[in-house]
Every structure is written in structure tokens, then in C-alpha cells.
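Everything on this sheet refers to the single structure shown next.
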């Protein structure tokens, strides 16, 4: 989740209350306080609430939550003559564009930082790293409408932001820092998305970089927004969040015509919500009036529209409201989670342990009784530990991870004994004897199965110890087994046996081969046992 | 008062002689002098005797000193090697010329005139010569000189004097039993009754025993078992399932949008192969695209069945919960699972690519959000966290969502898991008509808090000493 920095001075001015009150209530409107600094507080908001990714948005929510100003904010949009044409060549590249004009805004440094912050957050959360949505904010007075959004050739040149020379689109993609970060989104497309004005001045090369010409400064008074992308709903969400934020910051919104469509539409969506079903879900007994009051605190427009219904106007920036329950959640937040009494239901049910877990508990009891200490190694391992060091061929049933994050975790374990040996290596300086065991999941042929392994190391650890321990284990499990001379290369020839249960090989025990001990860098003899629980307990 | 046999024997000897030294008495007691000192020390701790420690220093000749004791000091030997005078050149041929000439001059035995050494008189013995023959009588400055010239060394001698006290005499007067003590009791001695006439040696309880390390359940597993026990006690059925899941159950069935970054290769371990979609998958598609027949708008856009067929290592045990619900759509359902989950993260002290997650679900006709808070509170209190509070949370598959926090001394409010009511978009495709309360918890995070760990790896790559030292009983049952 992106971290939003809220400078106290700006926040206090917009909220109309002191920082102490604000910080105290921040977690209760749904945020994680990252750190409290001298000049600002850094918070994380949930990805669903993009409208809170600016100081203006937080202030709007906070004023409502604290009851300083409730109900919906009205966002008037007046018409303008500004228009865009959209090139049909972009239909398979980046077909959607949203735009609006913000007039008479005075941006101080803090407002500009806030604007850049929400842009970044929208790029990340809604825009999926600019692939789905990218945003440009321009100084409108530097360019001349109408604008056109079209597919340009790579040889087209302009001065990109933070540069003082003309570059062509190829150069920007290769050399500009933003080009290197985002060129993968449009690379290999036949034409590049570009926005220019009536005089051929470039405003933006979405989703990569704006032109230096329209850079927004504290002197900028009138802004043009461009939001481009591959998903119309996401484009409109980002546009609405931006417009409402800038209106809250003091701007006036004017519409723009895109291929004849007038936008932005900042009107709320109306829903009739059911009071009884809200109460049923939350376990509350609110009246329609109370529910409407709470929703007003959450900055909805809300009035009782019947004994059992509230008419709710959902602000256009609340893209997260998809379902009635999303409104109910805001009722719970607005009422305060602390005011909802936690209460256990009367649902009756008898507890029941899972048979595999029950079996694991029994195995633990037996192993502990035999003097073994439990360990809990990772389930992800690698070829080297699992097979090479064990002098074994890789198990053909092994499951490999497609894109490992390191050489340490390239596959899901098929055996447990190698992991016990690896733990003995890590503990070689600890007091002997060491007797350890583990029981848990392995994956064989895409099936999650269970195994048990034990290892004992000390100067006298040998085949006899492994045999005696296996014998005790099988006796405690009430199982009949047959030892059969084993050729497992992890063990010393003539000092290992396969465990045969019901005619099937269910495991192996014996004295670990010194070659294996060398590979694991273990200095003392090791007696080891491994059992496949799915085989020994198969009917 | 408890005395060992040796202490008793020493005390009885002291009664006879009053005061003695270890050297005098060692033969009688048949013990080395050091042992006698030790017994005396034990008696003195009980005020039965006093042990006086006297340190004396004695001077003795070094090897070089001994040689000169017989042959005379170098200056004397040199003096006697010539008559009244000699040239320096001749004198230099003598083995002691270098050291002897200087001393002869300093002692005034000779003077040097135009390259010749001339005797001045009869060379009276110097103090060094005198005291070399009787070291014990040497004054302090001569001793220092002898040590400086390497002719003698100083040695410290510690002598002990042991005397009986009045208390010791009184105790001895009451009579002391000196019969032999027995160490190991044999079967014969037990059955024959011989033990009745034997004194069994007492052990020193102040001596620490050799450590014995029992076999035991790992502290982390013990905590997991405690959580399992709590949930079983609260009437939950335990789930267990495959760690390999289709993206359908891991993400899509939980209303995770298909372009959510958590689904990508960067965050989730992808595996080769495709998983078949279950019967009824179309309803999940409709939910994503348009909200199906609920009041939801869905995410919009196209839902791609191929994406849902991808195979992953489960990123949460919620994939098991939803499959359990899909198979048990009628109330009531109370189920939980504690299992390993996987995230594609590099290993560091607080991040691991695999860790345990706990998850509980409750489905019933009239359960509410308040009931969810009730379950959370009950569970955390049973886990030993006394203060629990709730704040808003967000998860794609729950609404309302909540993040429980517990209060921990020195840390303040700590977020411990997430919870909520499964969205209708999640439950409706499976014909579930009543609310499903759900909560999840990072088990390893609780372990860190409970065991005071700073590095999560300790749980999975344990130092055996840490496991050995960690008490089995953590203060609660």
C-alpha cells in the first residue's frame, strides 16, 4: 500500500482541527499510521480508498467523521469549449482518455506535493503501475485547445519534463528515467500515444512523461487533466478522484468534450439501501434516521426514504462502493467499531480435529517419548540439499517452482531427512547427542502427502540405533513391518534397510553414508529414519 | 550440623592437638595437604575451626647463583686470575672479564692506569659475596641486588595453621560417628537389610547437575497446538488440504480481481500445469464481470478462465475455507485451519517465503458483524491478549472488514490479523445464503510476540540450544 504524507499545517487548515485529534482518529477511519514526524504524519490507506490518498481527501473524510461537516460535497461542473479528438489508431494500444479543466486554483508548495502524491498513488493502485491508467496534469495556459490524442511515430520530438532539449520518442524511452521505467507498456506498438495542442505542442507522451512546456508550478492558475488507459472504468475513477480532490483544494471544474462526450461526470450514484438487512448484517438496531445520520458523517448524501429504506447518494470518488454491504461497512465505521458490542453467537457445533493432524500429534508423542526433539524446517528446498548432498537421483515426482526467488528455494520438498541433516549441520557446535525429528507435508506428483523423519547424531550413532528406534516406532504405531536390505545411496551399504509395510516400501533407515556427511559438513555419525505416512497408513 | 566423614576425622584430630598444620596431620588423615586445607575450610565455614593463612617469602639461589656459590663471583674469579697488575688486553681474555672488571672497579679492588689494571689492596669480601653464603640473613637492599643480578629468586610460601574453636570442641564432646559412608546402594544391600547399618553419603545440593535434554515438541508447534485446542474447544472443525491450489480457488473464488498485483509472478509462486475449473465456475465469472445476481456491480471488464487455471502455491488458507464452504453450503459451519502459506518474498529476519496462517470461518443463519468481533475477542483473550480493539480493514473478499489489534506492554496496539464477513460476491456462487464470518492470523507473528523473537528464521532453522532452553510450560495451560 502506498504511504501518504500528510503535512500537519495543511491538514489542520483543511480539517479545521488540531493534529492531536486528527492522529487519534486516523486509525478509526481506516488507516495504518506508519510514522509520526515533526512536520507530518505518514499513513497507509487501503487500496480500496483511493480518495484518501491526498491531504484534501483525508481532510474531507475527517471533517465528516468528527462531525465538523457532514453530508456530501457538491462538485459543480461548468461547460467549457475545450475538446479532444481521439485517434482510432489507438484502439488496440491505449484507447481511453478522460479529461477535465480545473480553473482558478492557487497551488502552494504543499498542495503541489499533495497533488503529486495522489497522482503516484493512483498510478500504483488504480493504474497498476501506469499500465492500466496514467495521469498527466498540465498548466492549461501554456497550450492552445483543441487537443488531440493520437498515435505518433517514434521520430516525433518534444522536450520532456526535467530536460532542456528536444528528444524523439525512441530517445525518451531509452534515455529518460521515466522512459526506462515505463517504456515496456507501449514498446513494440506500431504508434505511440501522444497528446498535443492546436499548434502541435506536445503536452504528454502517456504513460511515460509529460512535456516540460506544461509543467505545473505555484504560478499555475488553470489546469488541464489527462487520464489515459486501457480500462474505461479505471480511467474514469482516476479522473473523478483527481477532480474532486482539486475542487476540495479550491479549484473550479470545467468539462471537456472527448470525441463529443462531455466529462467529467461528478454526480453521485443513488442507491436505496435496506435498513433491516444492514442491522441484520451488523447486529445493530439502528433506525433509518440514525443510519442516514451516520452515512452523512461518512460523507454520503443520505435521507430516510421509507420506514425501512435510506436513500444514499454515493460520492463519485467512492469507486469502492460496489455492493450494498460496502455501504453497511461505512455504517459500522461511522458508528465506530468501538461502539459495536462484541458478542458470541449461539451457533452450536462440536469441535473436530482433522485426522491428519490427530495422527501428527500421536507421532510427536511417540518421537518425544523416544527422546527426540521436534524441529520445523521449511517446505521449500533445493536440488542440492534434497538430492545432490544425499547422493540420490532427483525424485521424478518433485514439484519445481517456476520462478524461484533464490537458489535456496527452487522446489517443494519430497523428503524430510535431508532437511534434518541440514539442521544438524547448522547445529554441529551444539552439545551431543542430538536427536531430532519432523513430521509434515511433502509434495509428490502434485499431491500433498505426509512424511516423518528422525535423525540422531553422536559418536555412537549407528545402524543398530536406527533399527532399534524404527522397531520401537513401528511397535508404538501398532504396525507390522519387514526390513529388507536397502540400496539407498544416502546410507552405508550393508547398514541400511527399507521398511516394508503390507508389501510396499514405506521408508528406509540406517547409518548415513560418510560421503553424505561430508557434503553436509557433519563430523559425527548419523542414524536416520524416514517414513512415508501415506503408504504406512493406506488401507 | 552435617559434616562429611573427612570433616569429622579432622575435627577429632584437632580435639587432641588443638592447633596443627596440614603437613603435620596429613599422614594421620591419609589425605593430601590440600585436601586437609579444604576440610579445614569447610569446618571454618561452620565456625568449628579456624584456618590461618600465612604467606612467607623465601630467597633461594638460582642455577647461576649456585655455581658462583662454589666458584666465587665473576669479579672474585677475575681478581684471582692475575698478580698485582695486568694489561686490559690480557685481562679481556678471561671469560668473566666483561662483568668482572666493572665490579672490581666499583668495589675499589683495582684501579686503571694507562691501559693497566692495578690491584689496590687485599680485596675484602663484598656484601654480595658474604650474603650469597647466607641468604636468609641478607638485608633487603642486598636481597634486591642479588635478585637483580639473577643470582637469587624470591618465592612465596603459603602455610596454613588450623585450630579448633570452642564450638568445635563442644560438638566433638557430643560424640561423632565415624562409620564409613556408602555411595551407591546395591540391590543386595536393599534386600538383605544391610542398609540399616550403613551411612548413605549425602550429596552437595549446591553442585549443579549435568544437564539432561528431554525429547520435546517444538515451542512453535506447541503454540500452534494451543491455538488448535482453543478453536476445537470453541467447537470448530479442523481443515487440512493441499498446498498446491488453482488460481481459481486461491484468488478468483475470493473475488480477487484478475489484474491484482498479488497474483503476479513477483508475489506468488507459480507452478507448471493448469488446474481444471470446478463445476459452477461461470457464476464466479459473472460475479467478477457484473456482480451476478447480487446488488454488486462486479469489477467490470472481462474475466479470463485461462488465468483462473494457473497453478500456485497457496498464498493463504482462505483457499481451503472457500472450498470447504462450496461443499458445505448449508448452515451451520464452523471450521478452522492452521497451515503453511507461501509468498514470493526474499528471506530476512521478518519476511519468509513460507509461514503459518490461522483461519477460522463461521457460517450460520443469523450471525452478525458483532458476532465476528465476539469470536475475535474470545480467541485473543484465550490466547492471553487481554485488551483487544478493532479498527477498519480492507480485504478484497470481505465486507465489512476489520483489523483486530491487541495491546502489548512496551509495543502499544499491535495489529494481529484480519477479519470480515465474506462478500456476497464470494458466497453466492456456491448457493450460500447466510453470512460467513471469517478471520485470519499470521501465526508466526504471534510466535514472535509471545517468544520475544527478533528473527523469524529461529522458528524454522532452529538453534537446538534455543529449543532445549525454551520451557515447555509457557505460564498458561
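Efficiency by 1/(1 + (r/R0)^6): what FRET value for residue A:212 and residue A:188, r their Cβ-Cβ distance, R0 = 25 Å, to the nearest 0.05?
Once the sixth-power term is evaluated, E becomes 0.40.
Before rounding to the nearest 500, sum -39500 (n - 2.57) across all DSSP H runs of length at least 4 in chain A and divide by the residue total; then give [θ] at 222 nm in deg cm²/dmol.
-8500 deg cm²/dmol
Please say if segment B:245-372 is rounded, prolate or oblate, where rounded means a/c under 1.5 for a ≥ b ≥ c the square roots of the C-alpha gyration tensor eigenvalues, and otherwise the choice is prolate for a/b larger than b/c and oblate otherwise?
Oblate shape, in that a/c is at least 1.5 and b/c is the bigger or equal ratio.
Residues of B:328-337, mean number of Cβ from any other protein chain within 10 Å of their own Cβ, rounded to a whole number?
Per-residue shielding by partner chains comes out at 2.
DSSP beta bridges in chain B, what fraction antiparallel, as a percent rounded to 5?
Antiparallel bridges make up about 95 percent of those DSSP assigns within chain B.
How far is helix A:109-125 tilted, in degrees, relative to the longest principal axis of the Cα atoms in chain A, given as a value from 0 to 90 rounded to the nearest 10?
Tilt relative to chain A: about 50 degrees.
Quick one: B:240, A:138, fewest Cβ neighbours within 10 Å first, how do they rank?
B:240, A:138
How high is the relative contact order of segment A:3-65, in percent, with contacts defined as C-alpha pairs under 8 Å that are six or more residues apart?
43 percent.
Within 10 Å of each residue's Cβ, count the other Cβ atoms and sort B:118, A:172 from fewest upward.
Listed from fewest to most nearby Cβ atoms, that is B:118, A:172.
Ranked highest first by average number of other Cβ atoms within 10 Å, how do B:87-95, A:384-392, A:351-359 line up?
A:384-392, A:351-359, B:87-95
Return A:29, B:162 ranked ascending by Cβ neighbour count within 10 Å, so the fewest neighbours appear first.
A:29, B:162
At 222 nm, what helix-only mean residue ellipticity would chain B give, in deg cm²/dmol to the nearest 500, using -39500 (n - 2.57) for each DSSP H run of four or more?
Estimated from H runs of four or more residues: -10000 deg cm²/dmol.
Using a 10 Å cut-off on Cβ to Cβ distances, tally the other chain neighbours for every residue of B:356-366 and report the average as a whole number.
Taking all residues of B:356-366 together, the mean is 2.
Quick one: grab the alpha carbon gyration tensor of segment A:77-263, order the square roots of its eigenvalues as a ≥ b ≥ c, and give me rounded if a/c is under 1.5, else prolate or oblate depending on whether a/b is larger than b/c.
Here segment A:77-263 falls in the rounded category.
P(r) for segment B:195-238, please, calculated from all Cα pair distances in 10 Å bins and given in %.
It works out to 20, 20, 18, 15, 16, 10, 1, in whole percents.
How far, in nm, would the chain grow between residue B:407 and residue B:189 when pulled straight, counting 0.36 nm per residue and subtracting the alpha carbon separation?
Extending this stretch completely gives an extra 72.3 nm.
Could you tell me the center-to-center distance, by alpha carbons, between segment B:71-142 and segment A:211-264 in angstrom?
Result: 113 Å between the Cα centres.
Enter the angle in degrees (range 0 to 90, nearest 10) between the Cα long axis of helix B:369-382 and the first principal axis of the Cα atoms of chain B, meaning the one along which they spread out most.
Orientation of helix B:369-382: about 20 degrees from the principal axis.
Mind checking the angle between helix B:281-290 and chain B's longest principal axis? C-alpha axes, 0 to 90 degrees, to the nearest 10.
Helix B:281-290 and the main axis of chain B meet at about 90 degrees.
Need one value for A:83-95: mean number of C-beta atoms belonging to other chains within 10 Å of its residues' C-beta atoms.
Counting other chains' Cβ atoms within 10 Å and averaging over A:83-95 gives 0.
If you average the alpha carbon positions of segment B:352-423 and of segment A:1-75, how far apart do those two centres end up, in angstrom?
24
Could you work out how far the C-alpha centroid of segment B:248-321 sits from that of segment A:483-528, in angstrom?
Using only Cα atoms, the two centres lie 44 Å from each other.
Enumerate the whole-percent occupancy of each 5 Å bin, from 0 to the last occupied one, for all C-alpha pair distances of segment A:49-170.
2, 8, 12, 17, 21, 19, 10, 6, 3, 2, 1, 0
Express the relative contact order of chain A as a whole percentage, based on alpha carbon pairs under 8 Å and six or more residues apart in sequence.
Normalised by residue count, the contact order of chain A is 12 percent.
Roughly what % of Cα-Cα distances in segment B:219-286 sit above 18 Å, to the whole percent?
Looking at segment B:219-286, the distances longer than 18 Å represent 58 percent of pairs.
Using the Kirkwood radius over C-alpha pairs as Rh, can you work out the diffusion coefficient of segment A:403-539 via Stokes-Einstein at 4 °C, viscosity 1.567 mPa s, in µm² per second?
84
None of the figures in this text is laboratory data; all of them are computed from the coordinates on show. Every value quoted in this text rests on a predicted model; they were computed, and no experiment measured them. A quick note on method: Cβ atoms are made from the backbone with ideal geometry, for glycine too, and the neighbour counts reach across all protein chains shown.
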